[in-house]
Amino acid sequence: MSGTAATIFTAIVGGLIALAVAYIGYRTGRRQTTDQATVEHGQWLRGQRQQAYLAFVDTWDTWAEALQGLQQSWEPWVRAYEQGDRPDDPTEESSRLLGDAWRALRRDLERVELLGPQQIDVAVRAMVDAFREMRDVIAAQMSTGATCPRWDEWNPVTVRANTARLNFHAAAIETLRQPPSPEGESVGLEE
């Protein structure tokens with residue numbers, strides 16, 4: 001009986017060990033698959049972010065340049081309109097330009113905000129605030145016409161806008177250079 005009991009005991013222990021090894025193999029394989037999926041998602045997200053950030057900066061640069069051009073040509077433009085040399089009212093065209101600029105920026109801005117992370121959201125908010133300041137200076141100038149220029153406010157606003165853009169660029173670099181990991185996004189990006 002002791003030989004039979006030893007055989008049965010050995011078979012039970014062997015079966016338990018086989019079950020334990022199978023369970024460990026299952027958990028390890030599952031974890032490996034989950035880690036791989038997380039890294040692949042992180043790579044996809046990084047690619048989406050890169051595209052969104054580049055599109056946003058490109059749109060920003062285009063419209064910031066357009067607003068700068070509007071500021072530089074404002075007074076001659078208004079004088080030409082007042083003298084009848086220009087058929088289009090500068091305030092109407094400026095309003096249209098400001099509206100087009102905001103719509104274009106908002107489209108790219110929303111995509112950037114959707115993709116995050118939080119430090120990008122903070123940098124984007126600073127850029128939006130700077131754009132609004134530029135828009136407000138132009139709108140104030142539109143209300144006063146060419147006789148009372150308010151461009152002394154323009155240079156500090158453009159400095160803030162350029163600073164906001166540089167801060168966004170730095171945050172984008174930091175975000176995009178963070179390699180995807182099996183743990184997902186690092187805690188440092190979300191703080």
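The values are calculated or read from the model by the stated rules, or taken from the named source; none is laboratory data. Since we're looking at a predicted model, the values are computed, not measured. Here Cβ is always computed from backbone atoms with ideal geometry, including for glycine, and neighbour counts include all displayed protein chains. Just so you know, the surface numbers come from the protein's heavy atoms only, side chains and all, with ligands and any DNA or RNA stripped out. Shrake-Rupley method; radii C 1.70, N 1.55, O 1.52, S 1.80 Å.
Here are some notes:
- Filtering VAL128, VAL122, VAL112 for residues that are open to solvent by less than 60 Å² (accessible area, probe 1.4 Å) and touching a residue at least 24 places away in the same chain (Cβ under 8 Å) leaves a single hit, VAL112.
- Number of positions in region 65-84 that are free of Cβ contacts under 8 Å to residues at least 40 places away in the same chain, surrounded by fewer than 16 Cβ atoms within 10 Å (Cβ to Cβ) and either within 29 Å of ARG165 (Cβ to Cβ) or in contact with a helix residue (DSSP H, G or I) (Cβ under 8 Å, 6 or more places away or on another chain) (or both): 6
- ARG96 being open to solvent by 10 Å² or more (accessible area, probe 1.4 Å), under 16 Å from the mean Cα position of the chain (by Cα) and basic (Lys, Arg): no
- Any hit, region 133-156, residues being under 32 Å from the mean Cα position of the chain (by Cα), within 21 Å of GLN51 (Cα to Cα) and surrounded by 13 or more Cβ atoms within 10 Å (Cβ to Cβ): no
- Selection status of THR28, closer than 30 Å to GLN178 by Cα, out of contact with any His (no Cβ under 7 Å at 6 or more places or on another chain), among the hydroxyl-bearing types (Ser, Thr, Tyr) and open to solvent by 60 Å² or more (accessible area, probe 1.4 Å): yes
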